[in-house]
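Below: one structure, written as structure tokens.
The values are calculated or read from the model by the stated rules, or taken from the named source; none is laboratory data. Bear in mind the structure is a predicted one, so any value in this text is a computation, not a measurement. Cβ sites come from the backbone with ideal geometry, for glycine too, and all protein chains shown count toward neighbours. Ligands, DNA and RNA are excluded from the accessible area calculation, which covers all protein heavy atoms including side chains. Shrake-Rupley method; radii C 1.70, N 1.55, O 1.52, S 1.80 Å.
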Amino acid sequence: RAKEEGRGTVRFYDPEMDERVRERRALQSALHRALAQGEFRLDYQPVIDLATRRIAGAEALIRWQHPERGLLPPSAFIPLAEDSGFIREIGEWVLHEACTTAAAWPEPAAIAVNLSPLQFRDPKLATRVSDALASSRLAPGRLEVEIVESVMLDTDPVVEQTLRGLRAQGVRIALDDFGTGYSSLSYLRRFPFDKLKIDRSFIRDLGQTQDASAIILAIIGLAQRMNMVVTAEGVETTEQATLLSSFGCAQAQGYLFHRPMSSEAFSRLLAQNPPHPARPPAA
Ligand code: C2E
Ligand code: MG
Ligand code: MG
Ligand code: MG
């Protein structure tokens, strides 16, 4: 086998590998069908303003209502959709669906949409976003896009152009899962983000380890000096919420407040709880 490496590589027949490849192909075509048949849906997790405990908006989170396998979380299909590139089509649907839903919410409730790194490679992304805003009639200031740190490793100028194109429309830009990526922090100087979302792993250790508090305080201090809002992800206990409030963390999301819910449930929640205004995007 080693001798052939680099030319037409000879491998032993591996039935398990064969099975995996077939499974992946089946799932890929199922994804196409799912989009065509309307099997995807978005749930909405409220984002809480910690000082007032009012709802600032919600993050849209995709689910797949699979006809046989039931409700599937994003981890069950997003990585695969990213491999094949089909995430671009799914992402386009998410954008339109989220903007249309949020346009019906009372102002100024904001909507946060997760974008895949692949979507940032698309030179038309800023145009796609402005089309989604126009067709849904959602004010750009109520849309926030979430990107992961790894996007900033891409030195392709299209990424920065896209971010600036989004910002120019008045859309806010948040860094998701902050602290878990390959953060050299230097990219924070390359682009002025509006928000840092502290990853759940740090919040989980809050109150358990001193290090977690130190890291969170440092992130909040950094964000304040750079004029960014901080959102804590995955807040599950009152102790965590109290500590975060005392640290001056602006916003939180987590099961303590609300789990992700249907758009109908979120609308009902908003009807009983007038939303808190979001900060306008940085200049
Ligand atoms: P994320 O953007 O960091 O979203 C937060 C995840 O944490 C969500 O998981 C949410 O349900 C979960 N979560 C929120 N509060 C708590 C809590 O208190 N405790 C715990 N244990 N979990 C909490 P979910 O919905 O499974 O989404 C996972 C990831 O999938 C998201 O992480 C995001 O990266 C990705 N994703 C979701 N929707 C989309 C989408 O429309 N497009 C793309 N490209 N990715 C998406
Ligand atoms: Mg997110
Ligand atoms: Mg996150
Ligand atoms: Mg996360």
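The HN-Hα couplings worked out from phi for the stretch 98-108 by the Karplus form 6.51 cos²θ - 1.76 cosθ + 1.60 (θ = phi - 60°) are 5, 5, 5, 5, 5, 5, 8, 6, x, 5, x Hz, whole numbers, x standing for Gly and Pro. Label zone of Leu71 (point 7 Å out along Cα→Cβ, amide N under 19 Å): in the stretch 38-61 this covers 38-47, 58-61.
Just for the chain, what percent of DSSP beta bridges are antiparallel, to the closest 5?
40 percent
Remark on Ala110: its backbone amide H falls under 5 Å from those of Gly57, Ala58, a criterion applied only to residues 5 or more positions apart or on other chains, H modelled at 1.01 Å from N. Per-residue ellipticity at 222 nm computed for the chain from its helices equals -12500 deg cm²/dmol, with DSSP H segments shorter than 4 residues left out and the rest contributing -39,500 (n - 2.57). Once both labels are positioned 7 Å from their Cα atoms along Cα-to-Cβ, the gap between Thr155 and Arg54 label points is 4.6 nm. Measuring nothing but how far apart in sequence close Cα pairs (under 8 Å, 6+ apart) lie, relative to its length, the stretch 157-283 scores a relative contact order of 22 percent. Charging the Cβ of each Asp and Glu at -1 and of each Lys and Arg at +1, and nothing else, the dipole of the chain about its Cα centre rounds to 520 debye. Considering only beta bridges that DSSP places wholly inside the stretch 26-172, some 60 percent are antiparallel.
Taken per residue, the accessible surface of the chain reaches 51 Å², heavy atoms only and a 1.4 Å probe. Around the Cα centre of the stretch 145-223, unit charges on the Cβ atoms of Lys, Arg, Asp and Glu (plus for the first two, minus for the last two) sum to a dipole of about 300 debye. Note on the stretch 107-178: with charges restricted to the Cβ of Lys and Arg (+1) and Asp and Glu (-1), its dipole about the Cα centre is near 380 debye.
The value of relative contact order for the stretch 61-131, using C-alpha pairs under 8 Å at least six residues apart, is 27 percent.
Ordering Gln210, Ile220, Thr237 by Cα displacement along the dipole of the stretch 197-237 toward the positive end leaves Ile220 in first place; charges were set at the Cβ atoms of Lys, Arg (+1) and Asp, Glu (-1).
The stretch 227-256 and the stretch 59-109 have Cα centres separated by 25 Å. Size of the chain: Rg and Dmax of its alpha carbons, in Å, are 20.4, 70.
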